[in-house]
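Engineer: Structure provided below as structure tokens; questions to follow.
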Amino acid sequence: MSDLSVNIAGLLFKNPVTTASGTFGYGDEFREFMDVGRLGGIFVKAVTGKNRDGNAYPRMAETASGMLNSVGLQNKGVDHFCREIYPGIKNLNTHIVVNVSGSTVEEYVEVAGRINELEKIPAIELNISCPNVKFGGMAFGTVTGMATEVTAAVRKVYKKVLMVKLSPNVTSITDLAKAVVDGGADVITLINTLLGMAIDAERQRPILSTITGGLSGPAIKPIALRMVWQVHKAVHTPIIGLGGIMNATDAIEFMLAGASAIQVGTANFIDPAVSLKIVDGIEAYMENHKIKAVTDLVGALRTE
Amino acid sequence: MSDLSVNIAGLLFKNPVTTASGTFGYGDEFREFMDVGRLGGIFVKAVTGKNRDGNAYPRMAETASGMLNSVGLQNKGVDHFCREIYPGIKNLNTHIVVNVSGSTVEEYVEVAGRINELEKIPAIELNISCPNVKFGGMAFGTVTGMATEVTAAVRKVYKKVLMVKLSPNVTSITDLAKAVVDGGADVITLINTLLGMAIDAERQRPILSTITGGLSGPAIKPIALRMVWQVHKAVHTPIIGLGGIMNATDAIEFMLAGASAIQVGTANFIDPAVSLKIVDGIEAYMENHKIKAVTDLVGALRTE
Amino acid sequence: MEVKKLVQDLQVVQSICLNKRHFILELLAPEKFPLILPGQFSQALVKDSPSTFLRRPFSIHSVDYGKNTLRLLIQIKGEGTLHLSRLKEGDSLNLIYPLGNSFSLPNTKDVLLVGGGCGVAPLLFMAQFLNQNNIHPAILLGFRTKEEVSEIDEYSKFGKVMITTEDGTEGEKGRVIDHSIFARQRLDFRKIYCCGPDAMMKAVAKIARMHKTDCEVSLENTMACGFGVCLCCVTPTNKGNERVCVEGPVFNINRLTWT
Amino acid sequence: MEVKKLVQDLQVVQSICLNKRHFILELLAPEKFPLILPGQFSQALVKDSPSTFLRRPFSIHSVDYGKNTLRLLIQIKGEGTLHLSRLKEGDSLNLIYPLGNSFSLPNTKDVLLVGGGCGVAPLLFMAQFLNQNNIHPAILLGFRTKEEVSEIDEYSKFGKVMITTEDGTEGEKGRVIDHSIFARQRLDFRKIYCCGPDAMMKAVAKIARMHKTDCEVSLENTMACGFGVCLCCVTPTNKGNERVCVEGPVFNINRLTWT
Ligand SMILES: Cc1cc2nc3c(=O)[nH]c(=O)nc-3n(C[C@H](O)[C@H](O)[C@H](O)COP(=O)(O)OP(=O)(O)OC[C@H]3O[C@@H](n4cnc5c(N)ncnc54)[C@H](O)[C@@H]3O)c2cc1C
Ligand SMILES: Cc1cc2nc3c(=O)[nH]c(=O)nc-3n(C[C@H](O)[C@H](O)[C@H](O)COP(=O)(O)OP(=O)(O)OC[C@H]3O[C@@H](n4cnc5c(N)ncnc54)[C@H](O)[C@@H]3O)c2cc1C
Ligand SMILES: Cc1cc2nc3c(=O)[nH]c(=O)nc-3n(C[C@H](O)[C@H](O)[C@H](O)COP(=O)(O)O)c2cc1C
Ligand SMILES: Cc1cc2nc3c(=O)[nH]c(=O)nc-3n(C[C@H](O)[C@H](O)[C@H](O)COP(=O)(O)O)c2cc1C
Ligand code: FES
Ligand code: FES
């Protein structure tokens, strides 16, 4: 029997496969397709201080092996989350991690503080990397000083596992990783989307209402893998890796590069049950390779 | 009759379609496939001060809609270029631009100075963005101060059209663009490859001998388009755009985003004659859209 | 029968070429259908098409619960639909279905269905459904040209069919909103169901409002997931941005912010 | 006939399944072939395979100048070759060819061809070429198991064929280097041409060196372009890093830095 469990900053996940924020709703939609309780965890979609309508339609453009989105953190705010959403998901048999977003340090702190009170939420993921909002979001994730500041401020009010999700749109991902570790992050999530753009040549217009948006999918996997590897070499903080994971092989690549767990994002849109197939695929790989504990894969890339 | 010619920093190109450095050799290999004289220009592969062997094999990994390379500037040095290569290509009926690379400011200056003496080379492209060399290369392209310095140093010795090719591996491409304009760049080329990585999960090893390499191909097109658009908004310097261009529609998207000309890179490997098909495709598009001069497309994206 | 979403490989029973740009895929499900409602759609996985990364949404054109088959009516637009047009008998097609809400049952018998382009797809299913509820709708279909006029016999089973073609080669000349039924002072219909290009639906909605006629439209916003998790497909409504794939694709025009 | 590189759509005349992992594509060219030499290869464009971005290199297995057809012998390894295995009579396949250098003509008649796995592909063409020059080579072919042994009749036309299988189900048991011809004190051959997995070629090269026998190997480094412009396929030689697709794929082992 393979041991698929991973302990990340003191939190035990039954397996390393979780789902990425913004691609899995609050998990309800997926209950029609699969047993979400078999997942290692679910990262629910971004929660901000107040209700946000997000950006105007069109918010999506397909690209080569990927897609751009400019949803822009549409959600009904932290109040609504605590009152309406939380009761319905708190007893799912998997870890629910809330993706905390904002435009100001105060907003991040406010939301984190509120989520801190929710007994069944063992961790938050600070989203300082959303490319689709005018203020805040990615700005916090691209300047080391700001990244440390917002992390430290949230650290003061948030007592459970604090994950920080970094933006790949930076010159040095390791500098950012160190910055959030300095701020008190327990876990680093890598990566959010890359800022991109799509154009309709016939209409001579941008496809997205916001002109630019965030690129996700297999197209970005090489970049994500590289960043996981660089950060794994640079800091000792556990990493949750994602970016273009479509199958178990991709997931294993991220773990070899140094991720303790992985998130499945865009792939959920194409196959809603893909995350459980990845769990099964990792198990099969471990059997083939006679690997007893999935943690043996973490950072096991042979580079000599 | 459509007018396909573009004037870039005083240099007249018969059409906006050129080929990217490192993907077209010195043009000779392509003479077996097509009339290279119909191209707007050819950017020949990197030339450094001395002979370089490049990195060890394997230097290539295929990725989703793209590829990684870690060739590492293999070339026989500027002496060899001037003596052995130049005589054979100087009379091609198209502009030959030399991609100048190095590890130190002195090396860039030396190579640029030597190329300056070659009568039939009307421009150089300063490659401060190669991710595949240990020293120099991308380092110059990710720190604004260094980018300005190396550009200014070359500007002193190079009297013809000075193009600078930027790295996309930065937080702010507009800062870098401004930095090289401050240094005296006449033209900005966007983008070089994104730093990525590929892993063989079965063998638990990196695929490239160098572990990381440069990502090119359609996968990166959304990022390249975004950078062209951002730089076009930020500076008045002409831009040559590239990154994943596979056909005429892609080329037109780059022009709409603000590129005065484009380069075809990885696509040459899949269809050696693709660049001329792109010339024809742009012409057909202009006829369909009743556009007389191709320059009318530059930055013509409608965002109102 | 329970309303439930499936991810399923269906088998191509036949691919019927209607004309150069349109074809029908008849698909056999491996097990009994769940309840499928008119206006609902499916998300099709296009295999072996390098430039088609996401699934492609198509309305349910008709359902045969007896044979356990459903039909999609598809217009060839780009690479994805081109690849689907090459599917042959025996090939399989993976669908997520049934998705979205549905047209509502009218509280009148004076019903008009208006469709243009590939927007006609859900209307055949709706016409059948109305018939089962003893309503015989008028059906107005717009085509580009005579060559593209198709399936009139099918529609005629369920109600009176009127046609427009843009070039006047069959039926009345012009677009659907140019049809003479809209030129009269009083509109003979108390409920309109409409599906087609945005501009057409907006024009029909305008006419409906003018005549104070109830009107439902089926939107075709581009989608990433199709089942409510990505928030890419939203349309502004009186409740803010709502998901076309879950709260829609069918919206009463009163709920939309169209003017 | 002039040596020239073509980018050309060839038509599949037949696809011959040899066994579960190997098949032959026979391809018809639209115009007269240029001169093609044994050891040269082609770059095949795999259409409709989302995970195959670059072309795939395959050696020329045989050429029929009369019928204007050539054959590729392909082993199914991943998505690209899997897609090619589905090509049917009448389909087209775009090739860039002929690429690379070629095996040299030997200055002896005591020639041995050694091939393993899909590395046997160029050897049939070479055997034919040697015959045309009045040389009847010994041909040693390594397979995994009896089921994969194929085309022996073809090879036998040109020389004496010896076989090894890893499981001993046909010919001698083991790998090609385990064959008894290599166990003798003196090697009966003055020239070896070898193609197969790297490890096998290195082992054969070692034997050749030991016996001071001239030896050429055909490398299968992964390629991006295949015609000399990307510098991805290099191998270290006594002249530095050289391109396998232009200066190779065939190298005399004296030029390589193998030890
Ligand atoms: C709920 C819903 C139901 C639909 N029902 C049907 C149906 O029954 N039959 C049918 O033929 N089509 C239907 N469509 C439209 C269909 O999904 C698209 O035509 C198809 O996805 C195009 O795929 P493609 O790969 O061929 O084209 P692409 O290459 O993706 O696109 C080709 C061109 O069409 C445009 N385009 C693509 N999708 C849309 C869209 N949804 N709206 C507007 N423009 C678009 C693109 O911008 C591009 O210019 C429906 C769409 C939705 C959202
Ligand atoms: C000059 C040359 C001639 C060749 N001739 C033949 C031939 O005649 N017949 C034949 O069947 N094959 C030949 N090959 C090998 C063939 O090109 C590969 O097997 C093929 O490209 C695999 O494509 P794929 O998409 O099926 O596999 P992929 O999905 O690309 O790869 C599947 C697995 O095979 C490995 N792989 C792929 N290509 C190579 C390679 N070149 N070397 C080592 N490992 C590789 C990958 O790393 C991966 O693990 C030749 C290669 C070269 C360079
Ligand atoms: C439609 C969409 C919405 C997203 N929303 C969020 C979000 O709210 N918060 C967040 O941190 N990341 C968000 N992301 C980013 C993903 O969580 C993930 O980081 C990214 O898509 C890369 O992974 P992938 O390639 O596997 O999709 C979103 C991505 C998509 C495609
Ligand atoms: C194999 C290979 C070698 C390259 N060598 C160089 C080089 O020597 N100098 C340079 O400036 N860019 C080099 N590049 C980068 C390309 O010129 C181009 O910027 C990049 O590939 C993106 O464009 P594309 O997606 O169209 O290929 C190389 C790219 C590839 C794929
Ligand atoms: S398409 Fe994803 S929410 Fe509607
Ligand atoms: S494969 Fe490009 S140089 Fe050999």
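The values are calculated or read from the model by the stated rules, or taken from the named source; none is laboratory data. Just so it is clear, the model here is predicted, and its values are computed rather than measured. We place every Cβ from the backbone using ideal geometry, glycine too, and count neighbours over all the protein chains shown.
Engineer: Which count do you get for residues in region A:216-262 that are within 12 Å of another protein chain (Cβ to nearest Cβ), touching a His at 6+ places or on another chain (Cβ under 7 Å) and among the hydrophobic types (A, V, I, L, M, F, W, C)?
Structural biologist: 1
Engineer: A follow-up question, please. Run A:Glu253 past the list (1) more than 18 Å from the chain's Cα centre (by Cα); (2) in a helix (DSSP H, G or I) and report the number of the one that doesn't hold.
Structural biologist: That leaves (1) as the condition not met.
Engineer: Looking at the structure I just gave you, is C:Pro236 crowded, with 18+ Cβ neighbours inside 10 Å, within 30 Å of A:Val264 (Cα to Cα) and not basic (Lys, Arg)?
Structural biologist: Details: crowded, with 18+ Cβ neighbours inside 10 Å: no; within 30 Å of A:Val264 (Cα to Cα): yes; not basic (Lys, Arg): yes.
Criteria not met by C:Pro236.
Engineer: Restricting attention to region A:82-100, which residues are at pLDDT 95 or above and touching a helix residue (DSSP H, G or I) at 6+ places or on another chain (Cβ under 8 Å)?
Structural biologist: Answer for region A:82-100, where residues must be at pLDDT 95 or above and touching a helix residue (DSSP H, G or I) at 6+ places or on another chain (Cβ under 8 Å): A:Cys82, A:Thr94, A:Ile96, A:Val98, A:Val100.
Engineer: For region A:264-301, name all the residues that are within 14 Å of chain C (Cβ to nearest Cβ) and not in a helix (DSSP H, G or I).
Structural biologist: A:Val264, A:Gly265, A:Thr266, A:Asp271, A:Pro272, A:Ala273 - these are the residues of region A:264-301 that are within 14 Å of chain C (Cβ to nearest Cβ) and not in a helix (DSSP H, G or I).
Engineer: Can you spot a residue in region A:188-203 that is in a loop (DSSP other than H, G, I, E, B), basic (Lys, Arg) and either surrounded by fewer than 22 Cβ atoms within 10 Å (Cβ to Cβ) or within 16 Å of ligand 6 (Cβ to nearest atom) (or both)?
Structural biologist: Yes; the residues of region A:188-203 include at least one that is in a loop (DSSP other than H, G, I, E, B), basic (Lys, Arg) and either surrounded by fewer than 22 Cβ atoms within 10 Å (Cβ to Cβ) or within 16 Å of ligand 6 (Cβ to nearest atom) (or both).
Engineer: Only one of D:Leu73, D:Leu6 is under 30 Å from D:Thr145 (Cβ atoms) and more than 14 Å from chain C (Cβ to nearest Cβ). Can you tell me which?
Structural biologist: D:Leu73 is the lone residue from the list that is under 30 Å from D:Thr145 (Cβ atoms) and more than 14 Å from chain C (Cβ to nearest Cβ).
Engineer: B:Gly102 fails exactly one of the following numbered conditions: (1) over 22 Å from B:Leu68 (Cα atoms); (2) crowded, with 22+ Cβ neighbours inside 10 Å. What is the number of that condition?
Structural biologist: The single condition B:Gly102 does not satisfy is (1).
Engineer: Any chance you could count how many residues in region D:168-186 are more than 23 Å from the chain's Cα centre (by Cα) and either outside the structural domain of D:Ala208 (by TED's automatic domain parsing) or of a type outside the set (Ser, Thr, Tyr) (or both)?
Structural biologist: Qualifying residue count for the region: 5.
Engineer: Spot the failing condition for A:Ser65; the list is (1) under 22 Å from C:Val234 (Cβ atoms); (2) within 14 Å of chain B (Cβ to nearest Cβ); (3) of a type in the set (Gly, Ala, Ser), and only one is missed.
Structural biologist: (1)
Engineer: Take the residues in region C:192-232 that are at pLDDT 95 or above and on the phi > 0 side of the Ramachandran plot; name whichever of them is farthest from the other protein chains (Cβ to nearest Cβ).
Structural biologist: C:Gly226
Engineer: Right, next: Of the numbered conditions (1) in contact with a strand residue (DSSP E or B) (Cβ under 6 Å, 6 or more places away or on another chain); (2) surrounded by fewer than 22 Cβ atoms within 10 Å (Cβ to Cβ), D:Thr52 satisfies every one except a single condition; which is it?
Structural biologist: D:Thr52 satisfies all of (1) in contact with a strand residue (DSSP E or B) (Cβ under 6 Å, 6 or more places away or on another chain); (2) surrounded by fewer than 22 Cβ atoms within 10 Å (Cβ to Cβ) except (1).
Engineer: Return yes or no: is A:Met255 farther than 22 Å from B:Gly244 by Cβ and in contact (Cβ under 8 Å) with a residue 12 or more places away in the chain?
Structural biologist: yes
Engineer: I need the full set of residues from region C:9-48 which are within 14 Å of chain D (Cβ to nearest Cβ) and within 20 Å of C:Gly226 (Cα to Cα), in order please.
Structural biologist: Result: C:Leu45, C:Val46, C:Lys47.
Engineer: Might you check whether a residue that is facing chain B (nearest Cβ under 10 Å), in a loop (DSSP other than H, G, I, E, B), polar (S, T, N, Q) and under 26 Å from B:Ala219 (Cα atoms) occurs anywhere in region A:128-146?
Structural biologist: No, there is no match, as no residue in region A:128-146 is facing chain B (nearest Cβ under 10 Å), in a loop (DSSP other than H, G, I, E, B), polar (S, T, N, Q) and under 26 Å from B:Ala219 (Cα atoms).
Engineer: Would you point out the residue of region C:208-231, among those that are out of contact with any Phe, Trp or Tyr (no Cβ under 8 Å at 6 or more places or on another chain) and free of Cβ contacts under 8 Å to residues at least 24 places away in the same chain, that is nearest to ligand 6 (Cβ to nearest atom)?
Structural biologist: Per the criteria, the residue is C:Thr222.
Residues checked against (1) within 14 Å of another protein chain (Cβ to nearest Cβ); (2) under 30 Å from A:Arg302 (Cβ atoms); (3) acidic (Asp, Glu); (4) in contact (Cβ under 8 Å) with a residue 40 or more places away in the chain:
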| position | (1), (2), (3), (4) |
| --- | --- |
| B:Lys156 | no, no, no, yes |
| B:Val164 | no, no, no, no |
| B:Thr171 | yes, no, no, no |
| B:Ala179 | yes, no, no, no |
| B:Gly183 | no, no, no, no |
| B:Asp186 | no, no, yes, yes |
| B:Leu195 | yes, yes, no, yes |
| B:Ala198 | yes, yes, no, yes |
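Engineer: Any residue that is in contact with a Pro (Cβ under 6 Å, 6 or more places away or on another chain) and either within 14 Å of another protein chain (Cβ to nearest Cβ) or more than 30 Å from C:Glu220 (Cα to Cα) (or both) - is there at least one of those in region A:91-98? Don't jump to the end; show me each part of the working.
Structural biologist: From region A:91-98, those in contact with a Pro (Cβ under 6 Å, 6 or more places away or on another chain) are A:95; that's our starting set.
Those left that are additionally either within 14 Å of another protein chain (Cβ to nearest Cβ) or more than 30 Å from C:Glu220 (Cα to Cα) (or both): A:95.
Scanning region A:91-98 turns up at least one residue that is in contact with a Pro (Cβ under 6 Å, 6 or more places away or on another chain) and either within 14 Å of another protein chain (Cβ to nearest Cβ) or more than 30 Å from C:Glu220 (Cα to Cα) (or both).
Engineer: Of everything in region A:190-218, what is over 19 Å from A:Ser65 (Cβ atoms) and in contact with an Asp or Glu (Cβ under 6 Å, 6 or more places away or on another chain)? Give them in sequence order.
Structural biologist: Answer for region A:190-218, where residues must be over 19 Å from A:Ser65 (Cβ atoms) and in contact with an Asp or Glu (Cβ under 6 Å, 6 or more places away or on another chain): just A:Ala201.
Engineer: Can you name the strands (runs of 3 or more DSSP E) wholly within region D:28-90 that have at least 1 residues being within 16 Å of ligand 1 (Cβ to nearest atom)?
Structural biologist: Details: elements: D:41-45, D:56-59, D:62-64, D:69-75.
In region D:28-90, there are no strands (runs of 3 or more DSSP E) which contain 1 or more residues that are within 16 Å of ligand 1 (Cβ to nearest atom).
Engineer: Could you check region C:225-242 and list, in sequence order, the residues that are away from ligand 1 (no atom under 11 Å from the Cβ) and within 21 Å of A:Phe30 (Cβ to Cβ)?
Structural biologist: C:Cys225, C:Phe227, C:Gly228, C:Val229, C:Cys230, C:Leu231, C:Val234, C:Glu242
Engineer: Identify all residues within region D:233-250 that are away from ligand 4 (no atom under 13 Å from the Cβ) and facing chain B (nearest Cβ under 9 Å); write none if there are none.
Structural biologist: D:Thr235, D:Pro236, D:Gly240, D:Asn241, D:Val244, D:Val246
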